[in-house]
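The structure under discussion appears below in the form of structure tokens.
The values are calculated or read from the model by the stated rules, or taken from the named source; none is laboratory data. Because the structure is a prediction, the values reported are computed rather than measured. FYI the Cβ positions are ideal-geometry reconstructions off the backbone, even for glycines, and counts take in every protein chain you see.
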Amino acid sequence: MEIAVAGLRGLNKQLRIEQVLNAASELFATQGYEATHIEDIARAARVSPGTIYNYFLTKANILTALAVRHARQSLPARRALIRNPPDDPLAAVQAFEKLLADQALNTLGRECWRVIFAAPYSQPASRLHRAGIVFNRLILRHYVQMLAGFQDRGAIDAKVEIKELADLFTAIGTHHFGQFISSNAMTVEELKSAIEKHVSLIFSGLLSQSQKPARRNGTRAAVISLPRGVASKRKR
């Protein structure tokens, strides 16, 4: 009996948390993060302000929970692309960046992303700051998995340091996304185009014109040669 009651209480708590998150997401989108107060969220969620403070303590923690929910909802599509990417490494990286761009504003607006990006400076060591670090590492890990697969299949030179290459693509995407959220005028399509130009530039310096492209499934796949500064470290 006690176990059943405890389970019911846990379920009710989770339902109230979802109510709060849904209300906060709607208010952040319609009236902005800074203009939204805990009391506004409580009224929209039909709970007391004390309940929200008990669950989250701060508005920043509500945003952190929304960001975590966004990341979890985005994972299936990202994993599907990593498992079955386009045959060409350039097309695969561009497809992954376009997916990230399309997912970015599904649940969080630009102002919310600005707060997350500013967290290392405005809220160092906070939950929001730590969440941002985890999100960045997650993208990096996905890149490593995808690029390592291309290297295993011979589409990327064996001497290319995959971790450093993944770092580079992650940094490019982060840089342009930062520009995107800092401007209310920049569109998602413009964001994609800006990233695509830099990714293409990197690959144009990596593609070996002297090497014969590898063939897979009747198609030609680009072979990426050793780039400067992205070489595997060797023991002397």
Looking for something more than 30 Å from F150 (Cα to Cα), of a type in the set (V, I, T) and modelled with pLDDT of 95 or more - is there at least one such residue anywhere in segment 64-74? yes
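Applying the selection to segment 37-82, what residues are within 25 Å of the chain's Cα centre (by Cα) and outside any helix (DSSP H, G or I)? Walk me through how you get there before you give the answer.
Initially, segment 37-82 is screened for residues within 25 Å of the chain's Cα centre (by Cα), giving 56, 58-82.
Selection gives T58 alone.
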Checking V160 against (1) surrounded by 19 or more Cβ atoms within 10 Å (Cβ to Cβ); (2) under 30 Å from G32 (Cα atoms): exactly one of these is not met. Which one? (2)
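Which one of these is part of a helix (DSSP H, G or I) and free of Cβ contacts under 8 Å to residues at least 12 places away in the same chain: E18, E26?
E18
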Condition set of a type in the set (A, V, I, L, M, F, W, C) and at pLDDT below 95, scope segment 189-204, selection surrounded by the most Cβ atoms within 10 Å (Cβ to Cβ): answer is V199
Only listed residue being more than 26 Å from D167 (Cβ to Cβ) and surrounded by 15 or more Cβ atoms within 10 Å (Cβ to Cβ), chosen from F117, F96, F135, F56: F56
Going by what's in this entry, would R110 be described as crowded, with 19+ Cβ neighbours inside 10 Å and not aliphatic (A, V, I, L, M)? no
